[in-house]
Amino acid sequence: MNSPIQIGAYSLENNLMLAPMAGVTDRPFRQMCKQMGAGLVVSEMLSSNPKVWHTEKSKMRMDHTGEHGVRSVQIAGSDPNLMAEAAQFNVNNGAQIIDINMGCPAKKVNKKMAGSALLQYPEIVEEILDAVVNSVDVPVTLKIRTGWDTDNRNGVQIAKLAQQYNIQSLAVHGRTKACMYKGNAEYDTIRAIKRAVEIPVIANGDITTPEKAKYVLQHTNADGLMIGRGAQGNPWIFREILHYLEHGERLPEPELTEQCTVMLEHVSNVHKFYGGISGVRIARKHVGWYIAKYDQGRSFREHFNGIDDAAEQLDALEMFYSRLHKKLVSSVA
Ligand SMILES: Cc1cc2nc3c(=O)[nH]c(=O)nc-3n(C[C@H](O)[C@H](O)[C@H](O)COP(=O)(O)O)c2cc1C
């Protein structure tokens, strides 16, 4: 990666970003990914419908207390005026960058003709970009897919609109809306988009290893990379990619003791953030990702999912890692 991406007044520490993922990139996870080297983390999307801003779920998504680094908040919707109001609302609430979601294929979002469904209607895209960019003083970024189906990969057209309307960086997921998450992401369209515009382009989709990161950068010539699922239960991926890109060799896997420490910190932050049974429930999902790579993970997960108490969850996790460690030591001896 060349020079650090500049988004308005913000010069990122590096050009690796955590993708916005509803139900995943909450404050504790964003915090952990930042700690592990992500140059920018993006919040879970917030609806532009003001009627839902007061729900518990939205309130949690809007909570940036104590968050380090630049706060990028994603908004989703299709009505330009509501999107502009949502942008203002979130800036007043601490957002330093507003990211517009035109990448999400979820039915719930698309039913309201938002997310990647908008790619089919460039005139509405224009209205939204215009309204949002002109409603706030902070930089606005955009996240798109390559098009709405494989016969209509209009990412270049949308990217040119983004540039025209002063969007400060563009993240592109290498699938169309119709592809959902099927098949493999393709990077030719991202390369074509990068060639067509001067604003920073961030490549996204299926980047799960340092080698893949290097390949995608070289193939697309993108200015940065955005990582989503590859970071679930694996926040180390950011420092691993950074190291590989800089030194051309892989960092060793984090030691079990570090894995355990990081996961305990993450899980206890989830407990503190959500509190009560919500914290315990949400922790289960993340723990499932952390331990999936271990043979013993499946049976432990069944046991773990039966635990309803935060402190007991932490004890069980410590025990799990201590057993793994003992096994590792005895296999080396
Ligand atoms: C559980 C989940 C939730 C997601 N939520 C959002 C979202 O809120 N906004 C958005 O723009 N994209 C969302 N995405 C898409 C991701 O940001 C990303 O573009 C996609 O997962 C491809 O990147 P990856 O292969 O690195 O995961 C979501 C993806 C997943 C798996």
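The values are calculated or read from the model by the stated rules, or taken from the named source; none is laboratory data. Because the structure is a prediction, the values reported are computed rather than measured. When we count neighbours, we look across all protein chains shown, and the Cβ atoms used for this are built from the backbone with ideal geometry, even at glycine.
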Single unsatisfied condition, residue 107 versus (1) at pLDDT 95 or above; (2) of a type in the set (Lys, Arg); (3) surrounded by fewer than 24 Cβ atoms within 10 Å (Cβ to Cβ): (1)
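Counting residues that are touching a Leu at 6+ places or on another chain (Cβ under 6 Å), which helices (runs of 4 or more DSSP H) fully inside segment 232-317 reach at least 1? Explain how you work it out, then say what you get.
Numbers: elements: 237-247, 256-274, 276-291, 297-304.
Of the helices (runs of 4 or more DSSP H) lying wholly inside segment 232-317, those with at least 1 residues that are touching a Leu at 6+ places or on another chain (Cβ under 6 Å) span 237-247, 256-274.
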Inter-residue pairs, beta-carbon under 8 Å, first under 20 Å from residue 289 (Cα atoms) and touching a residue at least 24 places away in the same chain (Cβ under 8 Å) and in segment 199-211, second away from the ligand (no atom under 14 Å from the Cβ) and of a type in the set (Asp, Glu), 6+ apart: 210/240
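Condition check: buried (at least 18 other Cβ atoms within 10 Å of the Cβ), within 14 Å of the ligand (Cβ to nearest atom) and farther than 22 Å from residue 195 by Cα. Does residue 117 satisfy that? Write out each step before concluding.
On the way: buried (at least 18 other Cβ atoms within 10 Å of the Cβ): yes; within 14 Å of the ligand (Cβ to nearest atom): yes; farther than 22 Å from residue 195 by Cα: yes.
So residue 117 fits the description; yes.
Looking at 226, 180 in this structure, which one is in contact with a His (Cβ under 9 Å, 6 or more places away or on another chain), of a type outside the set (Asp, Glu) and in contact (Cβ under 8 Å) with a residue 24 or more places away in the chain?
Values: 180 fails: in contact with a His (Cβ under 9 Å, 6 or more places away or on another chain).
It is 226.
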Residues being away from the ligand (no atom under 16 Å from the Cβ), within 24 Å of residue 60 (Cβ to Cβ) and in contact with a helix residue (DSSP H, G or I) (Cβ under 6 Å, 6 or more places away or on another chain) - total across segment 220-263: 1
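Condition check ((1) within 20 Å of the chain's Cα centre (by Cα); (2) closer than 17 Å to residue 35 by Cα; (3) surrounded by fewer than 21 Cβ atoms within 10 Å (Cβ to Cβ); (4) among the hydrophobic types (A, V, I, L, M, F, W, C)) across all residues:
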{"site": "216", "(1), (2), (3), (4)": "yes, no, no, yes"}
{"site": "219", "(1), (2), (3), (4)": "no, no, yes, no"}
{"site": "226", "(1), (2), (3), (4)": "yes, yes, no, yes"}
{"site": "231", "(1), (2), (3), (4)": "yes, yes, no, yes"}
{"site": "248", "(1), (2), (3), (4)": "no, no, yes, no"}
{"site": "264", "(1), (2), (3), (4)": "no, yes, yes, yes"}
{"site": "267", "(1), (2), (3), (4)": "yes, yes, no, yes"}
{"site": "276", "(1), (2), (3), (4)": "no, no, yes, no"}
{"site": "284", "(1), (2), (3), (4)": "yes, no, yes, no"}
Yes/no for residue 307 being farther than 30 Å from residue 62 by Cβ and in contact with a helix residue (DSSP H, G or I) (Cβ under 7 Å, 6 or more places away or on another chain): no
Index of the failed condition, residue 139 passing every other in (1) buried (at least 22 other Cβ atoms within 10 Å of the Cβ); (2) more than 15 Å from the ligand (Cβ to nearest atom); (3) touching a residue at least 40 places away in the same chain (Cβ under 8 Å): (1)
Which listed residue, of 77, 69, is surrounded by fewer than 19 Cβ atoms within 10 Å (Cβ to Cβ), over 23 Å from residue 280 (Cα atoms) and outside the structural domain of residue 286 (by TED's automatic domain parsing): 69
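Counting only residues that are assigned to a loop (DSSP other than H, G, I, E, B) and either without any contact (Cβ under 8 Å) to a residue 40 or more places away in the chain or in contact with a Pro (Cβ under 9 Å, 6 or more places away or on another chain) (or both), how many does segment 50-68 have? Write out each step before concluding.
Let us first name the residues in segment 50-68 that are assigned to a loop (DSSP other than H, G, I, E, B), namely 53-55, 62-68.
The next check asks that each one be either without any contact (Cβ under 8 Å) to a residue 40 or more places away in the chain or in contact with a Pro (Cβ under 9 Å, 6 or more places away or on another chain) (or both); those that pass are 53-55, 62, 64-66, 68.
Matching residues across segment 50-68 total 8.
Can you tell me which residue within segment 11-49, out of those that are outside any loop (DSSP other than H, G, I, E, B) and either surrounded by fewer than 18 Cβ atoms within 10 Å (Cβ to Cβ) or without any contact (Cβ under 8 Å) to a residue 12 or more places away in the chain (or both), is nearest to the ligand (Cβ to nearest atom)? Before the answer, list the steps.
Narrowing segment 11-49 to residues outside any loop (DSSP other than H, G, I, E, B): 11, 16-18, 27-35, 40-42, 46-47.
Still in the running and either surrounded by fewer than 18 Cβ atoms within 10 Å (Cβ to Cβ) or without any contact (Cβ under 8 Å) to a residue 12 or more places away in the chain (or both): 11, 35.
Numbers: 11: 23, 35: 19 Å.
Among those that are outside any loop (DSSP other than H, G, I, E, B) and either surrounded by fewer than 18 Cβ atoms within 10 Å (Cβ to Cβ) or without any contact (Cβ under 8 Å) to a residue 12 or more places away in the chain (or both), it is 35.
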